[in-house]
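Undergrad: What follows is a structure written as structure tokens; I'll ask about it next.
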Amino acid sequence: MVTLHLEELFQMRETFMKVNIVGVGAGPSNLSLASLIHPTGLSNQFIEKRSEFSWHPGLQLPHATLQVSFLKDLVTLADPTNAFSFLAYLHETGRMYQFLNAQFDAITRQEFTQYLHWAAAKNENVCFGEEVERIDFDGDFVVATSKRKLRAECISIAVGKVPSVPHFAEQGIGETMFHSAYYLAHSHRLAGKRIAVVGSGQSGAEVFQDLLNRNGPDAPDQITWVSRRERYAPLDDSPFTNDLFMPCHQDYFSSLPAPNRRAFLKENVLASDGITESTLREIYQSLYLRRFVRDAPNTVNLLPNRAVENVSRDGASWILKMLHGDTRQHEMLPVDIVIWATGYKNATFDFLGPLEDRLQTDNDEIAVDSSFAARWNGPSSRPIFIHNASREQKGLSDPNLSLTAWRSAKMMQRILGRPFTSEPESSSVCWGPHVALPGQALRTA
Ligand SMILES: Cc1cc2nc3c(=O)[nH]c(=O)nc-3n(C[C@H](O)[C@H](O)[C@H](O)COP(=O)(O)OP(=O)(O)OC[C@H]3O[C@@H](n4cnc5c(N)ncnc54)[C@H](O)[C@@H]3O)c2cc1C
């Protein structure tokens, strides 16, 4: 006689459960879609490999703030009445008045993480501690996870991005050289060390600021902040720049030829990758206080306009080889620890292996249509939605929270086959062909 353990019986019962939608990953992108689906009655399962919710845990520094308005939450810009909004979170956790009275210029990343955690915990369709390993297609999608198999009509892939370091540094990654995404995991190793932070986006600035704020026995011996940019440049958070993060601009951007799109991304990089002005001010003030008020020994080196070209070992030290952008001379910097704050790149979708040949690409990205569904040779009633992996096709806002709710609404529209939310408002700026004002004669040359 064969005896089955309870766990095996449970797995057998779940085998080939069929749902409308399976989501891969439960970061903000898929949590947004899961929240919009929740009231519709469509069956869904969102599968997350982490054992519990977390959002960029290696950089959850206590004073780090959100770089966008808290209204750019999971749902509000697509459906302000949805029960998973940030305002619903404030209300349900009994802090609405005090949140208003606190008058934050920007909310902390810690509180936004708590909100995301709350939204994930409240949604019974979000499953943690389970990894999607393989997706096949036999008329429906067949999703194999580390725990079970599911059938689905739609797939929603939101696996985020992975840390990126220069190829010459890859071999040395370990305890003394790591990406800023793992900063907190290594932060106990930094006291008394000579440290180089490479990269001057928001992550590099936050790491540098945290190192500057360390005192006494926790303080590093030296801190050097290296940047390829010519200066420590602010995020452009001004009103007209923020219009670039509206649905109408994303539509316009997508309609442009690839060379125009690439040029635009390069030209406007500081609209998304600069440093928040308040962070720059705090860093500048810390440096001022160290130098003029506390008369502290000078242990800080600011080195902009240097491209790091190589890193090598010299005994226990790392030697950074840097090229100065103007003098064109090389400089060598010996340090004990290197922290690469050099950004992120698209994750590979290994679990899509069986379908890979059926997907169209657009340069290095999977090509997506206006509803963010992959262009593939399967039936259009079986969409594979892709979040946060189409920056070259969709623009600066793709990896950002700004259009997360709108992107999910576009997917909902495709799933439901009808408009999901009202048409997004248009900007006052005319991005594309000139539209004549009433009575204005329009001429094109
Ligand atoms: C430090 C930091 C701060 C940021 N702050 C802001 C900000 O203030 N404002 C803003 O607009 N943007 C910000 N961003 C941009 C950021 O990309 C988005 O905020 C957001 O995290 C994107 O969400 P996502 O769900 O697409 O990806 P992620 O948040 O990366 O989530 C992807 C999830 O997929 C899971 N996963 C991966 N593979 C599998 C698998 N095979 N099976 C199951 N699960 C899987 C991962 O475990 C992960 O939880 C920040 C980025 C960083 C790095």
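Undergrad: Just to be sure, is LEU265 part of a helix (DSSP H, G or I) and open to solvent by less than 40 Å² (accessible area, probe 1.4 Å)?
TA: Yes: the conditions hold for LEU265.
Undergrad: Could I ask something else about it? May I ask you to say which residue of HIS330, HIS324 is open to solvent by 70 Å² or more (accessible area, probe 1.4 Å) and in the same structural domain as GLN209 (by TED's automatic domain parsing)?
TA: Just a single option satisfies the conditions, and that option is HIS330.
Undergrad: One residue is enough: does the range 217-235 have a residue meeting the conditions in a helix (DSSP H, G or I), out of contact with any helix residue (DSSP H, G or I) (no Cβ under 7 Å at 6 or more places or on another chain) and not assigned by TED's automatic domain parsing to the domain that holds LEU401?
TA: Scanning the range 217-235, I find at least one residue that is in a helix (DSSP H, G or I), out of contact with any helix residue (DSSP H, G or I) (no Cβ under 7 Å at 6 or more places or on another chain) and not assigned by TED's automatic domain parsing to the domain that holds LEU401, so the answer is yes.
Undergrad: Closer than 21 Å to MET411 by Cα, without any contact (Cβ under 8 Å) to a residue 60 or more places away in the chain, touching a His at 6+ places or on another chain (Cβ under 8 Å) and open to solvent by less than 60 Å² (accessible area, probe 1.4 Å) - does that describe any residue in the range 84-98?
TA: Yes, the conditions are met somewhere in the range 84-98.
Undergrad: Report, by residue number, each residue of the range 165-190 that is of a type in the set (Ser, Thr, Tyr) and either more than 29 Å from GLY23 (Cα to Cα) or open to solvent by less than 30 Å² (accessible area, probe 1.4 Å) (or both).
TA: Listed by number, the residues that qualify are THR176, SER180, TYR183, SER187.
Undergrad: Also, I was wondering about something else. Part of a helix (DSSP H, G or I) and more than 25 Å from GLY353 (Cα to Cα): which single residue out of TRP431, TRP406 fits that description?
TA: The conditions single out TRP406.
Undergrad: Also, quick follow-up: When residues of the range 40-54 are filtered for being assigned to a loop (DSSP other than H, G, I, E, B) and either free of Cβ contacts under 8 Å to residues at least 12 places away in the same chain or more than 11 Å from the ligand (Cβ to nearest atom) (or both), how many remain?
TA: Total meeting the criteria: 3.
Undergrad: Select from the range 56-67 the residues that are near the ligand (Cβ under 7 Å from one of its atoms) and open to solvent by 30 Å² or more (accessible area, probe 1.4 Å) and write down the one among them that is nearest to GLN114 (Cα to Cα).
TA: Checking each candidate, the answer is HIS56.
Undergrad: Which numbered condition in (1) of a type in the set (A, V, I, L, M); (2) within 14 Å of the ligand (Cβ to nearest atom); (3) touching a Leu at 6+ places or on another chain (Cβ under 7 Å); (4) open to solvent by less than 10 Å² (accessible area, probe 1.4 Å) is the only one that ALA233 fails?
TA: (2)
Undergrad: Another question, then. Residues being part of a helix (DSSP H, G or I) and within 20 Å of the chain's Cα centre (by Cα): count how many of those fall in the range 236-252.
TA: Of the residues in that region, 8 qualify.
Undergrad: Has the range 197-209 got at least one residue that is touching a Pro at 6+ places or on another chain (Cβ under 9 Å) and at pLDDT 95 or above?
TA: yes
Undergrad: Let me ask another. Any idea which of ARG407, ARG375 is basic (Lys, Arg) and either over 24 Å from the mean Cα position of the chain (by Cα) or more than 16 Å from the ligand (Cβ to nearest atom) (or both)?
TA: So the residue among ARG407, ARG375 that is basic (Lys, Arg) and either over 24 Å from the mean Cα position of the chain (by Cα) or more than 16 Å from the ligand (Cβ to nearest atom) (or both) is ARG375.
Undergrad: Let me ask something else. Any idea how many residues of the range 20-39 are near the ligand (Cβ under 6 Å from one of its atoms), assigned to a helix (DSSP H, G or I) and open to solvent by 10 Å² or more (accessible area, probe 1.4 Å)?
TA: Qualifying residue count for the region: 2.
Condition check ((1) modelled with pLDDT of 95 or more; (2) under 23 Å from THR342 (Cβ atoms); (3) more than 10 Å from the ligand (Cβ to nearest atom); (4) in the same structural domain as THR224 (by TED's automatic domain parsing)) across all residues:
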| site | (1), (2), (3), (4) |
| --- | --- |
| GLN110 | yes, no, yes, no |
| HIS117 | yes, no, yes, no |
| ALA121 | yes, no, yes, no |
| GLU133 | yes, no, no, no |
| SER146 | yes, no, no, no |
| LEU150 | yes, no, yes, no |
| MET177 | yes, yes, yes, yes |
| ALA185 | yes, yes, yes, yes |
| LYS193 | yes, yes, yes, yes |
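Undergrad: Could you list, in sequence order, all residues of the range 341-372 that are within 13 Å of the ligand (Cβ to nearest atom), open to solvent by less than 30 Å² (accessible area, probe 1.4 Å) and out of contact with any Asp or Glu (no Cβ under 7 Å at 6 or more places or on another chain)?
TA: Across the range 341-372, the qualifying residues are ALA341, GLY343, ALA347, LEU352, PHE372.
The values are calculated or read from the model by the stated rules, or taken from the named source; none is laboratory data. As the structure is a computational prediction, the values presented were derived from the model and not from experiment. Note that we place each Cβ from the backbone using ideal geometry, even for glycine, and neighbour counts take in every protein chain shown. What goes into the accessible areas is simple: the full protein's heavy atoms, side chains included, and nothing from ligands, DNA or RNA. Shrake-Rupley method; radii C 1.70, N 1.55, O 1.52, S 1.80 Å.
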